[in-house]
Amino acid sequence: MKKRTYNTREKRLLFLCVGTIFLVGNFMALREFTSRRKDLVTSLDKLKKQETANRMLLLDGPRMEKLDAWLDKSMPYTNSAGKAQGQLLDDLRNSALDMGLKTENENPLESLELSHHNEVSVSLRVRGAQEVVISWLLTLQSPEKFTAIKSVELELDTRSREKTPQAQCNITVARWFNPKPPPGYQEPVPAPAPAPAAVPAENTNPLELTTPLDGLVPLAPS
């Protein structure tokens, strides 16, 4: 049987098909390589950042241990979130009033139990002279008080008729507490409720005399 030979046109079509398959295969392989290389570069970058963070933690370990010890010793503890929230609101209100400011829209917010601390927070609006409001804001936040400003909106009070610039401030303040009680802490025992006063028994028989009859002389019938 005579072997069939391809003509020029068929050879061109064959080379074109083989070349197309080769190009498509290389394109798919290149795309897969590029995708894997991108993932590896991203993963390597994350590992480098993690390594840098770990080195910083190792170098900063002693300071962090001192900070944790200071927090455990200094951060206050409360067994009543509601009582702590009321105390925070009283502190803010009294400090504002002492500086001649007015408070309104006082609202307690939801208490939070977080991993490192418990939090109570309140929101309120403060009005008064602009300089005084700013001075009051500067007194609120400090590490020793474990009090932090979570949000603040300060704007001029354009409706005021005072000669000095007036301002109003919407603010949310939080106070942090240690989630663990201090060593030797005992829960306060609530005082027992006072016993109700004894009620004298009512005289159920209206004919019964409460005065003894001994020694009384009966009257003679008329």
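The values are calculated or read from the model by the stated rules, or taken from the named source; none is laboratory data. As the structure is a computational prediction, the values presented were derived from the model and not from experiment. FYI the Cβ positions are ideal-geometry reconstructions off the backbone, even for glycines, and counts take in every protein chain you see. Ligands, DNA and RNA are excluded from the accessible area calculation, which covers all protein heavy atoms including side chains. Shrake-Rupley method; radii C 1.70, N 1.55, O 1.52, S 1.80 Å.
Mind telling me which of the residues 74, 80, 35, 95 ends up being modelled with pLDDT of 90 or more, out of contact with any Ser or Thr (no Cβ under 6 Å at 6 or more places or on another chain) and among the small types (Gly, Ala, Ser)?
One residue alone meets the criteria, 95.
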Exercise. Got at least one residue in the range 92-99 being open to solvent by less than 90 Å² (accessible area, probe 1.4 Å), within 30 Å of residue 166 (Cβ to Cβ) and not in a helix (DSSP H, G or I)?
Worked result: yes
Problem set entry | Test result for residue 102, open to solvent by 100 Å² or more (accessible area, probe 1.4 Å), in the same structural domain as residue 132 (by the TED database) and out of contact with any Ser or Thr (no Cβ under 9 Å at 6 or more places or on another chain) | yes
Exercise. List the pairs whose first member sits in the range 128-147 and is farther than 26 Å from residue 117 by Cα, whose second member is of a type in the set (Lys, Arg), and whose Cβ atoms are under 7 Å apart, counting only residues at least 6 apart or on separate chains?
Worked result: 128/102
Exercise. Does residue 89 meet the test of being part of a helix (DSSP H, G or I), at pLDDT below 85 and within 22 Å of residue 144 (Cβ to Cβ)?
Worked result: no
For this session: Might you check whether a residue that is of a type in the set (A, V, I, L, M, F, W, C) and under 30 Å from residue 176 (Cβ atoms) occurs anywhere in the range 27-50?
Result: no
Problem set entry | Selection within the range 42-90 - among the basic types (Lys, Arg) and either more than 24 Å from the chain's Cα centre (by Cα) or open to solvent by less than 60 Å² (accessible area, probe 1.4 Å) (or both) | 46, 48, 49, 55, 63, 66
For this session: Within the range 157-165, identify whether any single residue is of a type in the set (Val, Ile, Thr), surrounded by fewer than 16 Cβ atoms within 10 Å (Cβ to Cβ) and under 20 Å from the mean Cα position of the chain (by Cα), and answer yes or no.
Result: no
